[in-house]
Amino acid sequence: MNRTDTWVADLGNGNYRNPILYTDYSDPDAIRVGDDFFMVASSFCNTPAVPVLHSKDLVNWEVINYVLEKLPGERFQKPAHGCGAWAPSIRYHDGYYWVFVPMPDEGIFMCKTDNPWGEWSEPVFLFEGKGWIDPCPFWDDDGKAYMVNAFARSRIGFKSILQICPMKPDCTGLLGEGQYVFDGNVNNQVTIEGPKLYKRNGYYYIFAPAGGVKTGWQTVLRSRNIYGPYEYKNVLVQGNTSVNGPHQGAWVDTLSGEDWFLHFQDVYAAGRIIHLQPMKWINDWPVMGAYKEGDDFGVPVMEHKKPDVGAEYDIVTPKASDEFDSVTLGLQWQWNANYDNSWYTMDPDGSCIILNAVKKDPEESISNVPNLLLQKWCLPEFVADTVMDITKLKEGDTAGMVSMGVNFGAVAVRRDEDGLKLVTIHGKQIFNQEVASAKDTEEIIKNIEDVTNIFFRNTVKQTTPIEPGVPHEMISFSYSLDGEHYEEVLEFEALAGRWVGVKNGIFAFSRKEDGGSIACDYFRIRAL
């Protein structure tokens with residue numbers, strides 16, 4: 001594997017560095033089953049939905065699957081930015097892996113499997129309605145089951161309250177009314193959310209971040225009774241480190257008896273990247289990260305000895321570059337909405353992906369095109385290169401390379417009745433009542449002669465931070481007709497999407513029903 005095409009956290013000397021994933025795996029939850037670790041994360045309106053990652057040592061992770069091929073509901077035939085699959089949870093119980101997924105406008109559903117690499121069950125809704133978020137299942141020693149959750153003020157009118165509901169042990173429904181067990185509004189824990197429920201030494205614990213995504217901390221609640229009352233402590237804070245937040249995550253242990261905490265840090269345009277903190281128990285309270293004797297809290301570490309998992313494992317990372325030489329689409333890719341298999345074909349003989357030009361309303365913004373094929377950023381700074389065979393583009397077709405965030409842009413080739421034109425497209429999403437709108441600015445850069453291939457390049461480069469410690473990136477697009485000499489044609493400021501980091505990728509659309517196609521030979525990432 002080319003070590004320059006993605007972030008590597010394993011230092012190769014027995015230590016690791018944070019973040020362990022410089023990729024937008026927002027709202028992570030994780031478990032250990034035997035000597036395997038599994039993680040799930042939010043995916044919002046992108047599909048396939050709810051990525052499943054696997055690791056043998058908590059440092060080296062790769063994507064192995066998705067819980068859902070498509071999101072339930074006709075609404076997601078088009079992008080619904082900021083909606084869809086919010087913070088999921090994963091647990092292993094009774095021979096099954098259970099994943100709970102909240103959709104803030106639809107409800108909370110469950111999927112399960114006995115093989116996380118295989119097929120997951122169809123979603124079963126435990127709760128239908130608005131505003132319940134961040135669910136986590138829990139089975140007690142007596143066999144009774146519960147779900148803890150938080151609330152989204154944007155949908156239900158209030159926040160900062162945690163609730164526990166009794167639940168059928170097979171997770172097919174809730175049993176009666178839930179109880180509010182903690183109110184962060186009156187306990188100096190405003191915006192407490194993302195709860196995860198555990199039991200240890202006779203205590204029920206709720207791990208939950210508070211204080212806001214970019215400025216908060218980790219809180220832990222405990223009680224001898226599942227419904228409380230709960231006492232609480234702040235156990236992980238930013239301190240004088242550069243790790244703002246630090247936000248929600250998961251407690252996991254190793255077979256050797258070590259405890260660890262996975263959490264995310266919001267770095268704005270790059271999204272919510274994943275950190276791993278050592279954890280200890282002191283007087284039945286967890287303390288995370290580096291701490292001083294006598295303190296109840298810790299601060300994030302940037303380098304640490306790797307977890308003791310009893311063996312050394314190869315360095316693995318989520319894939320980024322793609323030669324498109326497989327019969328299936330790589331797991332790094334997601335579409336901008338629920339997808340249709342007719343949008344693309346994998347051509348292993350030609351080692352390429354064929355994107356069909358799907359009809360697009362001329363008034364529709366490119367940000368709302370469902371058939372954008374996108375992947376997450378995988379490095380702080382990088383260059384992405386691709387080449388497209390455009391000989392099968394028809395009149396009215398447009399195809400190119402795109403960057404998708406609140407600020408979005410693309411460089412593309414368009415075939416009109418008078419020939420080929422190089423164009424740029426850019427704009428900004430405006431959110432009103434959780435609904436995104438945008439108007440594109442399209443500019444013709446030049447007419448180009450008929451060619452077989454056109455090369456596109458997307459560069460992400462960090463610049464002087466606007467806020468101390470907060471990365472600030474500029475995005476630029478270039479093109480080439482020979483793959484050697486590139487001309488920059490568009491540059492704009494990187495701004496994160498709605499709860500998600502910026503994504504980049506490729507697309508093809510048409511003004512007509514019977515559009516043509518392009519063949520894309522590769523999508524290659526290299527670090528700057």
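The values are calculated or read from the model by the stated rules, or taken from the named source; none is laboratory data. Quick caveat: nothing in here was measured; it's all calculated off a predicted structure. Cβ sites come from the backbone with ideal geometry, for glycine too, and all protein chains shown count toward neighbours. Accessible surface is based on the protein model in full, side chains and every heavy atom, while ligands, DNA and RNA are left aside. Shrake-Rupley method; radii C 1.70, N 1.55, O 1.52, S 1.80 Å.
So the values come out like this:
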quantity: Å² per residue, accessible surface of the range 130-215 at 1.4 Å; calculated: 38
quantity: Calculated [θ] (222 nm, deg cm²/dmol) that DSSP helices of n ≥ 4 give over the chain, each run adding -39,500 (n - 2.57); calculated: 0 deg cm²/dmol
quantity: Mean separation of Cα contacts under 8 Å (6+ apart) over length of the range 373-473, as relative contact order %; calculated: 29
quantity: Whole-number accessible area per residue in Å² for the range 377-457, which is evaluated in the context of all protein chains at 1.4 Å; calculated: 41
quantity: Length-normalised contact order of the range 1-138 in % [C-alpha pairs under 8 Å, at least 6 apart]; calculated: 18
quantity: Residues of the range 76-99 with amide N under 17 Å of the 7 Å Cα→Cβ point at residue 121; calculated: 89-99
quantity: Difference of contour (0.36 nm per residue) and Cα-Cα distance, residue 450 to residue 92; calculated: 123.2 nm
quantity: Of the trypsin sites (Lys or Arg not before Pro) in the range 435-528, those whose Cβ has at most 14 other Cβ within 10 Å and which sit in DSSP loop; calculated: 439, 512
quantity: Euclidean distance between Cα centres, the range 227-254 to the range 42-98, Å; calculated: 23
quantity: Between the range 435-503 and the range 261-306, the alpha-carbon center distance in angstrom; calculated: 35
quantity: Radius 13 Å from Cβ of residue 89, net charge of other residues (Lys, Arg +1; Asp, Glu -1); calculated: -1
quantity: Within the range 329-367: backbone nitrogen closer than 17 Å to the residue 512 label point (7 Å, Cα to C-beta); calculated: 356-362
quantity: The range 149-213-the range 359-419 distance, computed between alpha-carbon centres (Å); calculated: 41
quantity: Where 314, 322 fall by accessible area, highest first, once all protein chains stay in place (1.4 Å); calculated: 314, 322
quantity: Mean accessible surface per residue for the range 45-128, computed with a 1.4 Å probe while every protein chain stays in place, in Å²; calculated: 34
quantity: Computed accessible area, residue 255, all protein chains, 1.4 angstrom probe, square angstrom; calculated: 130
quantity: Relative contact order [Cα under 8 Å, 6+ residues apart], the chain, whole percent; calculated: 15
quantity: Förster-model FRET efficiency, 22 Å R0, residue 62 and residue 340, C-beta, rounded to 0.05; calculated: 0.25
quantity: Sulfur and carbon atoms: percent of accessible area, the range 85-225 [1.4 Å]; calculated: 46
quantity: Rounded percent of accessible protein surface that carbon and sulfur make up, the range 367-437, 1.4 Å probe; calculated: 46
quantity: Among (1) 1.11; (2) 1.23; (3) 0.98, the entry derived from the coordinates for Cα Rg over 2.2 N^0.38 Å; calculated: (3)
